[in-house]
Amino acid sequence: MEIPSIHPEQERHSTLLKPSGYVNQLEAIASWFSMRQNQAMPEPLKPEVILFAADHGVATPANHGERTTDLVRKNAAEGSAIRRLCQQAGASLHIVDLGVADGLVDVDDIEHAKVRSNGAADISKQAAMDQMNYWECVGIGEEMAHRAIANGANLLVASSISCGDNIAIAAIVAELAGLPPRETLISSHDSDTCARELAAVEQALARARGTPSRDILREIGGLEFAAMAGFYRAAAAKGVPVLLDGYASVAAALGAIAWDVRIAGWLLASHVSDDNGHREALESLGLEPMMELQSSIGKGKVAALLLPVLQSAVTLRRGLTAIEA
């Protein structure tokens, strides 16, 4: 797959009338978009947010009794936080059910594209999915990116909704960023539960040992990770930037650059958290986060929160007056 080159900074930037030391980070963001659009003045951003939802078969404690289906329903609701944030940013929102174990057929505001009825398999015992399911998920992610771009989007966000992705994230980051599992596992549970989760991560990695990096999401990932990776690859191939969201989206991005490292050049990191492995995963991608949080939130919220900031950076660049010769 061909991925377009990133163009050098436009010379006109240096002729803009601006105060010394002018909001350096916003300036850098505007330049980042300018180079990827190959224009001296970046076009206004037209964002689109896609959330891929799926369950995981590997045993993990319930999220305070909440299920993935509950999270999907909450996020799909008219007054949900993610919908309000997207409305504020002028972004379209799509939620895709790839493999939520409980029925969601009565929810109208989501897209039904179920690949496996119960989500990914238990990765500590077997591959998360077979090759057919894997490439179907990748294809769904690519199709969602293509559709968004065809609708005029020039900035894309893909994140996930899942109550049980903790072990999969830890395994993916440990494998692809080369970290010990203990340094990638996020857990606020009791010590016995932490020990069980760590054992599951180690079992998954041992079982998948020798798997090529390009197939690692099939082995120790999940449906939503494969879809996000496909989404990122399709966006890069079309020359459209992507804003990463939480730790799960970063794990998926590691899987995407295992296909083609050039994909990383089209990724922008929204934030880094104190969660184990998050910072190291971003370093593996060669990305600098725009903000720091104590804990990674995910489900599109941090990325959506930052969309107006990115739009402001572009607006400021476009509003500066060129110095006449």
Open item on the list: Looking at VAL138 and the list (1) assigned to a helix (DSSP H, G or I); (2) open to solvent by 50 Å² or more (accessible area, probe 1.4 Å), which single condition is not satisfied?
Closed with: (2)
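So which of ASP122, ASP102, ASP109 is surrounded by fewer than 18 Cβ atoms within 10 Å (Cβ to Cβ) and under 20 Å from ILE167 (Cα atoms)? Quick ask: steps written out before the conclusion?
On the way: ASP102 fails: under 20 Å from ILE167 (Cα atoms); ASP109 fails: under 20 Å from ILE167 (Cα atoms).
Selected residue: ASP122, the only one of ASP122, ASP102, ASP109 that is surrounded by fewer than 18 Cβ atoms within 10 Å (Cβ to Cβ) and under 20 Å from ILE167 (Cα atoms).
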TODO: Hey, can you tell me all the residues within the stretch 27-59 that are modelled with pLDDT under 85 and surrounded by fewer than 18 Cβ atoms within 10 Å (Cβ to Cβ)?
DONE: ALA40, ALA59
Task: Single condition GLY79 does not satisfy, out of (1) modelled with pLDDT of 95 or more; (2) open to solvent by less than 60 Å² (accessible area, probe 1.4 Å); (3) over 18 Å from the mean Cα position of the chain (by Cα) - done: (1)
Task: Residue count for the stretch 273-321, restricted to those that are open to solvent by less than 30 Å² (accessible area, probe 1.4 Å) and in a helix (DSSP H, G or I) - done: 13
- [ ] For the stretch 152-170, state whether one or more residues are without any contact (Cβ under 8 Å) to a residue 12 or more places away in the chain, open to solvent by 10 Å² or more (accessible area, probe 1.4 Å) and over 27 Å from PRO212 (Cα atoms).
- [x] no
Task: Looking only at the stretch 169-181, and only at residues there that are more than 18 Å from SER295 (Cβ to Cβ) and assigned to a helix (DSSP H, G or I), the one that is farthest from the chain's Cα centre (by Cα) - done: PRO181
- [ ] Considering only the stretch 193-270, give the helices (runs of 4 or more DSSP H) lying wholly within it that have at least 2 residues that are among the aromatic types (Phe, Trp, Tyr).
- [x] 223-237
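When you look at GLU224, is it among the acidic types (Asp, Glu), within 25 Å of MET1 (Cα to Cα), open to solvent by less than 30 Å² (accessible area, probe 1.4 Å) and touching a helix residue (DSSP H, G or I) at 6+ places or on another chain (Cβ under 8 Å), yes or no?
On the way: among the acidic types (Asp, Glu): yes; within 25 Å of MET1 (Cα to Cα): yes; open to solvent by less than 30 Å² (accessible area, probe 1.4 Å): yes; touching a helix residue (DSSP H, G or I) at 6+ places or on another chain (Cβ under 8 Å): yes.
Here the answer is yes, as GLU224 does meet what is asked.
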Task: the stretch 182-210: number of residues that are open to solvent by 30 Å² or more (accessible area, probe 1.4 Å) and out of contact with any Pro (no Cβ under 8 Å at 6 or more places or on another chain) - done: 17
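The values are calculated or read from the model by the stated rules, or taken from the named source; none is laboratory data. All figures in this text were calculated on a predicted structure; none of them were measured in a lab. Methodologically, a virtual Cβ is constructed for each residue, glycine included, from the backbone with ideal geometry; neighbour enumeration extends over all protein chains shown. Keep in mind that these areas ignore ligands, DNA and RNA; they rest on the heavy atoms of the full protein, side chains included. Shrake-Rupley method; radii C 1.70, N 1.55, O 1.52, S 1.80 Å.
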